[in-house]
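The values are calculated or read from the model by the stated rules, or taken from the named source; none is laboratory data. Remember, predicted model here, so these are calculated numbers, not experimental data. Note: ideal-geometry Cβ built from the backbone for every residue, glycine included; neighbour counts use all protein chains shown. Note: accessible area is taken over every heavy atom of the protein model, side chains too, but ligands, DNA and RNA are not part of it. Shrake-Rupley method; radii C 1.70, N 1.55, O 1.52, S 1.80 Å.
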Amino acid sequence: MTNPIIQIKGLTKSYGGKRGIVDVSLDVAEGEVFGFLGPNGAGKTTTIRLLMALLHADAGSARIAGLDCWQQSVDVKRLIGYVPGEPSLDPNLTGGQILDYFAHLRGGVDRAYLKTLIERLDLDPNRKFRQYSTGNKRKVVLIQAFMHRPRLLILDEPTSGLDPLNQQEFDGMVQEARDEGRTAFLSSHVLSEVEKTCSRVGIIREGRLVKVGDIADLKDIKRYEITISFARPVPASAFAKLDGVVDVETLNNGSAVRLAMQGAADAVIKAAAQYPVVSLTSYEPSLEDVFLRFYESDGQAPREAAGVA
Amino acid sequence: MWLSSIYLKSLRGFRVPILGWGLGLGVLMAVVLAALPTVLGTPEARAAVVALGPSFAWFSEPIKIDTPGGYATWKYGLTILVVAIWPILAESAMLRGEEDRGSMDVLLSLPRNRTRVALEKIAAMWTALLIMGLLIGLLTFAGGAKVSSDISLSAAILFGLNIALIAGVFGAVALLVSQFTQERRTAAGVTAGLLMVSVVVDMVHRVVPHTQWLSQLSPVYYFNLSKPLISGYSANGGAMLALLAISALSSGAGLWLFARRDIGGVVARPRFFRSGRGGSRPTRAVVQGAWSLRSVYARGLAMVAVPAAWWTLAIAGFAGWMIVVDKQTEANLRTVLQGSSLLRNFVNLGGGDVATNAAILGALFIFMPVMLMAFAVTQANRWSADEDDGRLEVLLSTPQSRLGVLLGRFAALSTATVFISVVTLVVTVVVSSATGLPLDAGHVAAATLSMIPLGLLVAAIGYLLSGWLRAAVETGLLSFVLVIWFFISYIGPSLHWPDAALRLSAFYYYGTPLVSGLPLFDTVVVVLAGAVALGLASLRFVRKDIAA
C-alpha cells in the first residue's frame, strides 16, 4: 500500500495474563474509511487505545503519518480526532463548555464550523454533561472529534446510542471527511453500519486480525436465513437452485424449509408463493454467528432462527 | 453466601474498613492505655496533668485525668471522632455512588422496592459500625487490663458503642445530605464540614459561659456526656438514645426522600436556594472566553476552587477560633506554666507573653496541617477518580503531553494550597490583632506557610499511589497514613517514643513553628520528599496504561 497513514506491525498487548491483542498488523491508506469489525471483547478498543497512546504495547509498533504513536504521541494527536467507546467527560461542565475547553487545548478550531456541527447533530450545548442522555453525550464527543477537521478520525463505536437521524448525519460527516481526503478508522460490531460507511474492513476476533479486505469481501460473509412453513410438505429442490440460496434444509417432515441466503430474496419469495405459506421468518445472523460460521471448522450447524419478518 | 442479599453484599464491601478502622483505633486506645504509666508514672507527673486539665477544658472536660480512663477520655475522646470519616464517606456513596455508577438502575430492576434496598444497605452499615465499636471496646478493655485500671469490660464496650453511635449519626447525615447533592463527594464534604462545626459548637459551652443551649445543638455534645471509661461515671443512656434518635431521623428522612425522588436526580431545593438561571438558552453557539477553559491548569484551578473555598473557610476559621480560645486560656495557663517547669516540659511549651501565647496556640496549630493535608487527600482522590471514570481519555487525545496534564493539575492544586495557607496567615494576623493577643509575625508566617510543603507532599504521594491503585484504595490508604502520622505525633511524645519513630510522621518535620520559627532543614526535607514523590508520580504516569 502506498502512503499508509496508519501502519501497525505485530502489535501485541496483554493485561497481566489476559489476552488483549496478538500480533496485529494492518495498514490504512490516507483518505480511506476503514471499518474495524469484531464482536465484543475481540480487541477493537485495545487496538484503538494503543493507537491513541493510552496503552503501552508489549510488542510491535504503531505509527500514524510516519510518527511513532507512543514516542511521538503529542505530534500524533495533533492529527487526530478521537471518539472513545465510553465517553466520560466532566459532568459539571455544559456541552458548550466542554467543546470550548477542548477547542482551546487543540487550537485551530474554526468556531463557525463548530457551530455548524452543533446544529447538524442538534445538540443543546447549554446542558450539563451529566444531564445529557447517552445519545447526546455521544454527540458531544463526536463534535469534539470532528471540530478541528483532523487528518485522521479514530472512532470507537461512534454511533452507539445515536438515533437513526443522527446516525445518518454522522454518516454524512464521515462521507464529507473522506471527500476532503481525510481518513477515518472506525470500529463497530454492526455489519450494516460498516457496510454503509467504509471502503475497506478488518475483522478482529479473539485478539487476532482474521481478515482484511474491501467491503465487497464483507458481502461474501454476510449471510442470513429464511425459514418458511407451509400448510403441506414441499420439495427442497424447489428452492435449491434459486438466486441467493446458498443452502436448503427441510424441517417438520418437509412442511418447512430453512434457507441459508446471500443476496436478494426476490426469487425465494416468488417461489414460496407457489405453495400455501403459513409463516415466514427471517434471521440476520449476528457478527458472532458469522464468525462462528466462517472461522470455525468444526461443522456445527448455525443457531436456530430468531426474529420474525 | 456473601452475595445472597444486598445486606450481605454491602457488609462484604465493608470488611476492610471494619478491620482497618476498628482494629486501628482499637489498637491505638490499647497502646495509649497500656503506655500510660510512662505519662502518669510519678506523683509530679500526675499533678502536672491535673493542673493542665482546666486550661485545656475547652478541648475536653477534664475529669479524673490522673487515671487511665480519665486521661484517655480527656485526651482521645475527641480525636477518636476521626472514626466518623469512614461512615461519612461510605454513606454519602451508599446510594449516590451507586447512582453515579449507574448500578442503582440495575439494582432497582430487581423485584425489591427502593426502601428495602436502602434499608438493607443501612443495616449493613450499622452492623459494620457495631463491629467496629466492639473491636474498639475490646481492645480498650485489653489496654486498660494491661495497666490494671478499673475499666470494666461492659464500660469498654459502652465506650465502643458510643463511638459507633456518633459515627452513625454523621453517616446518617451524609446519607440525608446526599439526597440533595448531585455528587457523592459534595455530600461527603458538606457532612465533614458539619462534623467540624459540631465539634466547635460543642466546645463553645466550655469556653463561653451560659452557652450550654448552643452546644446542645451539636451531636458531639451528647457523645461527650457518656464517659464510661471513668470510674464513677457511666454511659449516659439518654444521650446515647439521643444519638440513636438523630441517626434514625436522618436515615429515615434520607430514605423517605430517596423513595420519592428521581434516580440520578436530586431533591428539589426550596426556591430560595436555587440559582436564578432559567431553562436552556435557545442559542446553539458555544460560549467562549471563560478563563477556566483555556488550559489544563486553568481548568484544574476551576475544579479545585469551590472545595478550596470551603476548606479555606474551615482552616482559616479554625485558626481564628483557636486564637479566641487561646486568648481565653492564656491567662489561666500562664499561671500554671510559670509555677511548674515539669508542666512546661510536659506540653513542650515556652514561657513569657508572646512565647506563651505562641506555645498554647502552637499546641492547637497541630490540627492546621492535618486539615490542609486532608484537603490534599481529597484532591488527590479527584485526580485518580478522573482516571478511573475515564475522564482523562478524551483529554489525552488532545495534543497535550501526559506530563503536562499531570503537572497542570498538580500546579492548580498547589495554587489552592498556597491560597488556603496565605488566607490562614492573614486571618491569624488579623484576629490576633483584633483580640489583642500578641504573636510573633514571623513565627505566624512560618506556622501557616510551612503547612504548604506538607499539603503538597500528601498530594504528591496521592498522585504517586494513583499510578497503581484505584481511587477508592488510594484514598483509603492515604487517609490511613495521615491518621497514623497524626497519632504518631499526637501520642508519641507523651509516650516517650524514640526520635526515629517520631520521624516516621510528616508532622514531625512541621515542628512547632509558632514557638521556634521555621525549621528550615526539616522544611527542606519535606519539600524534597514531595518533589521526589511528584517526580516518581510523573515517571509512572507518562508510562502507564490509562484506565479504560
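Summed over both chains, the accessible area lost when A and B associate is about 3700 Å², using a 1.4 Å probe. Using a probe radius of 1.4 angstrom, the carbon and sulfur fraction of the accessible surface of the stretch B:1-269 is 68%. For the protein assembly as shown, the 222 nm mean residue ellipticity estimated from helices alone, with every DSSP H stretch of n ≥ 4 adding -39500 (n - 2.57) and the total spread over all residues, rounds to -17500 deg cm²/dmol. Surface composition of the stretch A:119-166: carbon and sulfur make up 42 percent of the accessible area, probe 1.4 Å.
Between B:L249 and A:Q168, the C-beta separation translates, for a Förster distance of 45 Å, into a calculated FRET efficiency of about 0.25.
Close amide H contacts of A:L26 (hydrogens built in the peptide plane, cut-off under 5 Å, sequence separation of 5 or more or a different chain): A:I8, A:K9, A:G10. If you find the alpha carbon centre of the stretch A:178-243 and of the stretch B:113-170, how far apart are they in angstrom? Between the Cα centres of the stretch A:178-243 and the stretch B:113-170 lies a distance of 64 Å.
For the stretch B:1-148, the spherically averaged projection of the C-alpha convex hull amounts to 10.8 nm².
Between B:V106 and B:R46, the FRET efficiency estimated from the beta carbon spacing at R0 = 41 angstrom works out to 0.10.
Heavy-atom accessible area, probed at 1.4 angstrom with all protein chains present, ranks A:T12, B:T42, A:T134 as A:T134, B:T42, A:T12, highest first.
Accessible area per residue was computed with a 1.4 Å probe on protein heavy atoms; B:L158 scores about 60 Å². Convex hull volume per residue, computed on the Cα atoms of the stretch B:71-218, equals 129 Å³.
Annotation: per residue accessible area for chain A equals 42 Å², rounded to a whole number [probe 1.4 Å, protein chains only].
P(r) tail for the stretch B:408-455: Cα pairs beyond 15 Å make up 46% of the total.
Charge tally around B:R382: other residues with Cβ under 13 Å, Lys/Arg +1 each, Asp/Glu -1 each, net -2.
Note on the stretch B:1-269: Cα-only Rg and Dmax are 19.9, 68 Å.
Oblate is the label for chain B. Its Cα gyration tensor axes, ordered a ≥ b ≥ c, give a/c of at least 1.5 and b/c at or above a/b. The calculated FRET efficiency for the pair B:A472 and A:L280, based on their C-beta separation and a Förster distance of 45 Å, comes to about 0.25.
Residues of the stretch B:401-430 whose accessible area, computed with a 1.4 Å probe over protein heavy atoms, drops by at least 40 Å² once all protein chains are present relative to their chain alone are B:R402. Solvent-accessible area of A:E206, all protein chains in place: 120 Å² (probe radius 1.4 Å, heavy atoms, ligands and nucleic acids excluded). Over every Cα atom in the protein assembly as shown, the radius of gyration and the widest Cα-Cα span, Dmax, amount to 33.4, 117 Å. Exposure check, 1.4 Å probe, all protein chains in place: A:K211 carries approximately 70 Å² of accessible surface. Accessible surface computed residue by residue for chain B, with neighbouring protein chains in place and a 1.4 Å probe, gives 41 Å² per residue. Pairs of alpha carbons in the stretch B:292-548 separated by more than 27 Å make up 40% of all such pairs.
Calculate the spin-label point distance for B:D262 paired with B:L8, positioning each point 7 Å from the Cα along the beta-carbon direction, and give it in nanometres. If labels sit at B:L8 and B:D262, their model points lie 3.7 nm apart.
Between B:V422 and A:K241, the modelled label-to-label distance comes to 9.2 nm, taking each label 7 Å out from Cα in the direction of the beta carbon.
Buried by at least 50 Å² relative to the chain on its own: which residues of the stretch A:124-146 qualify, computing accessible area with a 1.4 Å probe on protein heavy atoms? At a threshold of 50 Å² (probe 1.4 Å), the residues of the stretch A:124-146 that become less exposed are A:N126, A:R130.
Please compute the modelled spin-label separation between B:A434 and B:Q216, points set 7 Å along Cα→Cβ, answer in nm with one decimal. My value for the distance between the label points is 2.9 nm.
With every protein chain in place and a 1.4 angstrom probe, the accessible-area ranking of A:H148, B:H210, largest first, reads B:H210, A:H148. Split the accessible area of the stretch B:292-548 by element, probe 1.4 Å, and carbon with sulfur accounts for 70%.
Listed by chain and number, the lysines whose C-alpha is less than 24 Å from the C-alpha of B:K544, apart from same-chain residues fewer than 8 away, are A:K9, A:K13, A:K18, A:K44, A:K77. Considering only the Cα atoms of the stretch A:4-220, their convex hull presents on average a projected area of 11.4 nm².
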